[in-house]
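The structure under discussion appears below in the form of structure tokens.
The values are calculated or read from the model by the stated rules, or taken from the named source; none is laboratory data. Quantities reported herein were computed from a predicted structural model and do not represent experimental measurements. In this analysis, Cβ positions are derived from the backbone assuming ideal geometry, glycine residues included, and neighbour counts consider all displayed protein chains. We work out accessible area using only protein heavy atoms, side chains counted, and drop any ligands, DNA or RNA first. Shrake-Rupley method; radii C 1.70, N 1.55, O 1.52, S 1.80 Å.
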Amino acid sequence: MTQQTLLPGFEPEPELTDRIFFAVLPDAGAIARINTLTAELKAAHGMRGRAIADTRLHATLCNLGDFPAMPDSLVARAGQAAASVAGATAPFAVSFDTAQTFINRARNRPFVLTGGDGVCGLGSLYKSLAMALLKAGVHGNPPSYTPHLTLLYDDVTAPPQAAGPIEWTVRELVLVHSHIGQNLPYTALGRWSLQG
């Protein structure tokens, strides 16, 4: 067996193992309603995808990226941004009332809950957080944002339809750590109560 020599500048890319993002999490009552609704919609559309586990249900706000190890300095800067936003934001109601497939790839597409006016608060929170992150030197969040909560992934495409509504009061902002490629519960790296 021969050992392959790597030329300088051609080292293999490190494996990305850690995803960091901000999210809001449904409360226990909303999780129970999500589970019931997911089962009903799955049966109605003949979907076979596995429902997202309770411990992984969330609505993403800002994605900080994928990393080969925990980016501690980034997490610290993101925490400072979150604290400033949470201190200026009051708790608010969120209501998801539409189910649909996001057609963003050929197979195994996300089947999600979205909403109209009921998710405006998430849009406002996203804008505030993205701006605070930018001021803290954390870049990469797009100017447009579609609030959604993923129920499952499936090859079946479902058009937008009335569903739910699934409602809860958003009381905190959570910085979430996900282990890429592993079906593990998420870890909360930080939680900030909305206090504005």
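Data overview
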item	result
Counted residues, the stretch 31-41 - those being in contact (Cβ under 8 Å) with a residue 24 or more places away in the chain and either among the charged types (D, E, K, R) or open to solvent by 60 Å² or more (accessible area, probe 1.4 Å) (or both)	1
Residue count for the stretch 121-159, restricted to those that are part of a helix (DSSP H, G or I), surrounded by fewer than 19 Cβ atoms within 10 Å (Cβ to Cβ) and not polar (S, T, N, Q)	5
Conditions (1) open to solvent by 20 Å² or more (accessible area, probe 1.4 Å); (2) at pLDDT below 95; number of the one not met by Glu172	(2)
Filter result for Gly118 (open to solvent by less than 70 Å² (accessible area, probe 1.4 Å) and within 14 Å of Val24 (Cβ to Cβ))	yes
Residues satisfying the stated conditions in the stretch 42-64, i.e. open to solvent by 20 Å² or more (accessible area, probe 1.4 Å) and closer than 28 Å to His139 by Cα	Thr55, Arg56, His58, Thr60, Asn63
Filter result (part of a strand (DSSP E or B) and at pLDDT below 95) within the stretch 93-114	none
